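Here is the structure we will look at, set down as C-alpha cells.
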Amino acid sequence: MTRINTNVSSLTAQKTLARSNVSLQQALTRLSTGLRINAGKDDPAGLIASEMLRANIVSINRAITNSERASQMIATADSALNQIGNLLNDIRALVTEAANSGAMTPDQIAANQLQIDAALEAINRIAHTTAFQGRKLLDGSLDFIHTAGAVPTIEDIEINRANLGPAGQMTVEVDIRQAARQAEVLSASGVAKATTVLRFRAGTTVTFDDGGTIRVNARSLGDAEAGVTVRFVYGGDNGTLSAQYDPDNKQLVVTFYGDATTTAQVVSAINNLPEFQAEEVTAGTLADTDDGTTATTGYDQITITAAKEGPQYNNVRVSVVTRSGVGTPTAAYYADTKNLVITIDSTNDTSLSSIAAAINSLDEFNATASANGDGVVNGATADRQALASTGISGYLTSAFSPATNAVAVLKFAPSATFTFASGAKIDIKAANLSETENNVTISFVADSTPVGQEYAEYDPVGKTLKIHINNASQTTAANVVAAINALPEWQAFVVTAGAVNGAGADRNLSARTAQDQLTIKALLPGADYNGVTVRVVKASGLGSTPTASYDSDNKVLTITIDDTVATNLTAIDQAIDALPEFSSSHRSYGAGRVRGNSADVDATANTGTSGGNVLLDDLVFQLRGPRGSEIFSFQAGTSVNQVVQAINLLTDSTGVRATQKEGLLTLRTLDYGSEATIDIDIVSEGADGQFDAALSAKRATGSDIVATVNGVIAQASGNTFSVNTSTLDLSITVQAGSSTDFSFTITGGGALFQLGPEIMGTQQARLGIGAVNTTSLRGKSGRLYELGSGQAAALAKDPARAARIVDEVINKVAGLRGRLGAFQKATIDTNISSLQDTVERLTEAESAIRDADFAAETAALTRAQILVQAGTAVLAIANTQPQNVLALLR
C-alpha cells in the first residue's frame, strides 16, 4: 500500500538513527572522559556506590597522611629522648667515677658535679624546647590531665593511652585486693603462749605482838630496795625513835625506846627516809617483845599469760593508769596497738588479787597474782609506773638468748671523806677516773709544819697520800683542802668549814679511797636497752637536785648535776627512778657525793649486751638478697643489735634490711614483690647455737600487689600494676604495702591522633607523653634533680643513692622510648600499611564501577558509527519513497 501523508518507513529510520546517535554520543563521551559513569543517569546505583567509595578513599588517604605525620612527630620525640638517654649515661659514668673517693680528690669530684649540673641543665633544655610544628613534645603538655594527684597513696602514675569517648573523660576505679609484701624471715619459730610478769614496788608487811600492822614499800620501782631486811630493835627505856637504811647491807633498822612507841610514829620515822615509805594498816604500840621483829621486802607481781598460742600476742605492752573513784580495777586490751591497760584507783589501795581478776575477765589473757610483798598496789605511788611486755615469748624457739634487764654500773672518781672533831668535813677526790687513785690510803701527819703552810705528799707506787699539819695547833679545813689541791692527781672540797686539830684526835685520822657507783637497770628486759650509754653532764643552777633524761633514738641516758654544788647519790637515784625506762640504786663506797667541778662529770657507762638476746654459739651464714649475697660471721655472745648493725652495713649489697624488737630479729627485703627473695644458708654454727633451728624460713619470697582497674585484673610487679586494654593503658605505683582502694578521673589531655577515616574513638589513639625534665623524671629512690649541687643525692653527699636514681631514670626514659617506638611500629606503621592496602582495593572497586572499558567502548563507537551511517542512508531512501507515487500519475 502506498501512502504519501504518512511515511512510516521514514519515522522508523529516524527513530533508529536517533538511537544510534545517542549510542554514538555515549561512546564518544566515555572515550573522551575515560569514565563509564558521567552522569547519574548513566548508572544511578553505580554512581552512589562510586561516590561512597570515593569518599572512603579521600578519608583514608588523609588518615594515611595523619599517620605519617604522627610517625614524624614521634620520631622527633624519640630523637630528643635519645639525647637525654646519652646525657643520663654520661651522668651515670660520672657518678661511678666520683664514688672512687679514695683515688679522687675533692676538686675532681667537684668537677664531676659541675658536669652533672650541666647535663641536668641540658636535659631540662631539651625537655622544654623539643617541638614538632610548633607544638612542645616533652614538657608535659601532651600528658593526660587527671586527678590522681589527690590520691595520697599513689607514688607514680603513667597514663600511656586512654579513650575518653564522647564525654571527654574517664573514671578509673582501682580495687586493691592484696597489698604487695616484702620477703621476710624471722629469728624465731614455733608457737607458745606469750607471757610476762608485771612487777610492782618491793615491799613487806610487819605485824607486831599487839596486832599492830604497818606496810613498808620502796618509793621507786626496781631492784634496789628488794630483799631488804626490815629490823626492829628495842633500844631501852629512853631514846629517840630512829629509822636508818644501810643500802650496802640492805638493812632498814628501826630503833625504838620505851613502851609507848606507836605504829603511827614508826610510819612517820620510816617516811623520813628517801628510799622507803610506810603506812599504818592497824594501829598498835610497840613493846620490848617486838625487839628483833623482822620482815624482808619482796615484789608483788602478776604473771600474765595469753589464752592462745602464737605470735599475735608478742610485744603486748602492759601498763597501769590511774583514775579517781575507780574502786574495783578494770583491764582492757587494745589489739590494734597491742596494749593491755590496767586501771586502778588514783588514791586508794587496790589488792593484787583484784587486778588479776580484772585481767582474767578478758578473753585474751589469764593472770596469776603472787603477793611476795604487801599484796597491795597504790595508784598514788610508783606502782602506777609499773610496766611489762610479752616480748617474743609467743614463739617457741628463738635464735638468741632470753631477754634480761640491761644493767650499767656508773663509777665515779675514787674518793674519801673526813669528818674532824670540830665537825668540819672535807671530801677528797681523785682528779681522774683511773683506778690508779683507787684504794689509796689517806692519812694526816702531825709535825712541825707551820699553820698555813700545810702540804700533801702522794706516793702512787705505795698508794699513800699524806697530809702534813701542825702538831701543836689548829689549822682550818680550807687550808687542808688547799694543800691537797696543790697536787695534780687530787682534788679536795670543803663540805663543812671548821678547824682541824693536829694536836688532838685529828692527827690520827685516815681513810681509804673507793669509787661510789650507781647501778642503773632497765625496767623492761631485752635488747632494746642493750648499748645504752650513761653519761654525766653539768649545768648551773640545779643545786642539790639533779635531773635525768633518756634519748631513746640515740640510746643515751644523761644525768645532769650542778657545776658547783655537791649532789648526793640518793638524789641521782630518785631522778633516774622518775624515768619510765630505768631504775637506779647506789653504793656509797667513797664520799657518797658527786661533784660537777670534778672528774665525776667524765664518768660514763654502757649497758653492753646485759639485756640478753645474744647468740648462744659461733655462727657463720650466707645471706642472699635481691641485690647480691654476703657472708656474715659472729661469735657467741654477739647481741641481736650487733647482728642488725652488721647486716645493715651491707644492705646496699644485699637489698636486705634487719630490724629487731624485743629480741626478735626480722630480715626484710627493701623491695616488694615476687622478685624480692631472701635465702639464708647456714655455713656453720656451734653445737649450742639455735639460730638455724629458730629461723622461720630459710627462703622467703615477697608477693606482688593484686589489683583490678575498672574491673580488669592488672599485671603487677611489686607495688606497681598496669593494664593495657583497647580503651586504657596505664601503670600505677602505690606506696609500699598500701592496700587502700581509690579512684580518679582522666579529664583530658594527651596527644590525639586521627588514624582512621572515621571520626570515632576506635579509629583514634590518644597517647600520653609526660614531661622529661629533671623534676618529673623519678624512680623509687628519688628525683633526678636531687643529683644537683647541694641536693640530697649530690656526689658529695650520697653517690650510692645518686647511682640508684640515675639507673631508675634511665629505665624510665628507655621505657618511654620503647612505648613510643612500639606505638610507632605496631600502631602507626601497620596502620599506614593497612590503609594503603584498603585504598588500593577501594580504588580498584571504584574504578571497576566508574571507569570506562576502552575496548568495549571502541567497539560500541564503531558499531554506533556504522549504525548512524546506515541509518542516514536508510532514512534518505525512506524519504524518497513518497516520490514513487508520481510515477503512477504519469
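The values are calculated or read from the model by the stated rules, or taken from the named source; none is laboratory data. For clarity, every value in this text was computed on a predicted model and none was experimentally measured. Glycine gets a Cβ as well: all are built from the backbone with ideal geometry, and neighbour counts include every protein chain shown. Note: areas computed on protein heavy atoms with side chains; ligands, DNA, RNA excluded. Shrake-Rupley method; radii C 1.70, N 1.55, O 1.52, S 1.80 Å.
Of the strands (runs of 3 or more DSSP E) entirely within segment 722-818, those holding at least 2 residues that are of a type in the set (S, T, N, Q) occupy 728-734, 742-749. Of all residues in segment 205-218, those satisfying the criterion of being more than 16 Å from K521 (Cα to Cα) and either crowded, with 22+ Cβ neighbours inside 10 Å or of a type outside the set (S, T, Y) (or both) are V206, F208, D209, D210, G211, G212, I214, R215, V216, N217. Restricting segment 663-708 to residues that are among the charged types (D, E, K, R) and assigned to a strand (DSSP E or B) leaves a set whose member that is most open to solvent (accessible area, probe 1.4 Å) is R699. Filtering A194, A183 for residues that are part of a strand (DSSP E or B), at pLDDT 90 or above, open to solvent by less than 20 Å² (accessible area, probe 1.4 Å) and touching a helix residue (DSSP H, G or I) at 6+ places or on another chain (Cβ under 6 Å) leaves a single hit, A194.
Against the criterion of being open to solvent by 30 Å² or more (accessible area, probe 1.4 Å), out of contact with any Pro (no Cβ under 6 Å at 6 or more places or on another chain) and under 30 Å from A188 (Cα atoms), N372 does not qualify. Listed by first and then second residue, the pairs with beta-carbon distance under 8 Å, at least 6 apart or on different chains, first residue in segment 802-824 and of a type in the set (A, V, I, L, M, F, W, C), second assigned to a helix (DSSP H, G or I) and open to solvent by 40 Å² or more (accessible area, probe 1.4 Å), are A803/R92; A803/T96; V806/R92; I810/N89; I810/R92; L820/D78. Just to be sure before I move on: is G761 open to solvent by less than 50 Å² (accessible area, probe 1.4 Å) and on the phi > 0 side of the Ramachandran plot in the structure I sent? When the stated conditions are applied, G761 does not pass them. Considering segment 506-547, and only residues there that are of a type in the set (G, A, S) and within 30 Å of the chain's Cα centre (by Cα), the residue that is most open to solvent (accessible area, probe 1.4 Å) turns out to be G531. Taking N124, is it open to solvent by less than 40 Å² (accessible area, probe 1.4 Å) and closer than 17 Å to V806 by Cα? Judged against the criteria, N124 is not a match. Just name the residue that is nearest to G235 (Cα to Cα) out of those in segment 248-290 that are surrounded by 14 or more Cβ atoms within 10 Å (Cβ to Cβ) and of a type in the set (D, E). Here the answer is D288. Quick check, is I359 farther than 24 Å from A218 by Cα, under 45 Å from the mean Cα position of the chain (by Cα), open to solvent by less than 30 Å² (accessible area, probe 1.4 Å) and of a type in the set (A, V, I, L, M)? So I359 passes the test.
With respect to G222, determine if the residue is in a loop (DSSP other than H, G, I, E, B), at positive phi, open to solvent by 30 Å² or more (accessible area, probe 1.4 Å) and among the small types (G, A, S). No; evaluated as a whole, the condition is false for this residue. Checked against the criterion of being open to solvent by less than 60 Å² (accessible area, probe 1.4 Å), among the β-branched types (V, I, T) and modelled with pLDDT under 75, the candidates V809, V813, V868, V874 yield just one match: V868. Sub-9 Å Cβ pairs linking a first residue in segment 236-255 that is more than 15 Å from G292 (Cα to Cα) and among the β-branched types (V, I, T) to a second residue that is open to solvent by less than 50 Å² (accessible area, probe 1.4 Å) and at pLDDT 90 or above, at least 6 apart or interchain, are T240/T255, ordered by first then second residue.
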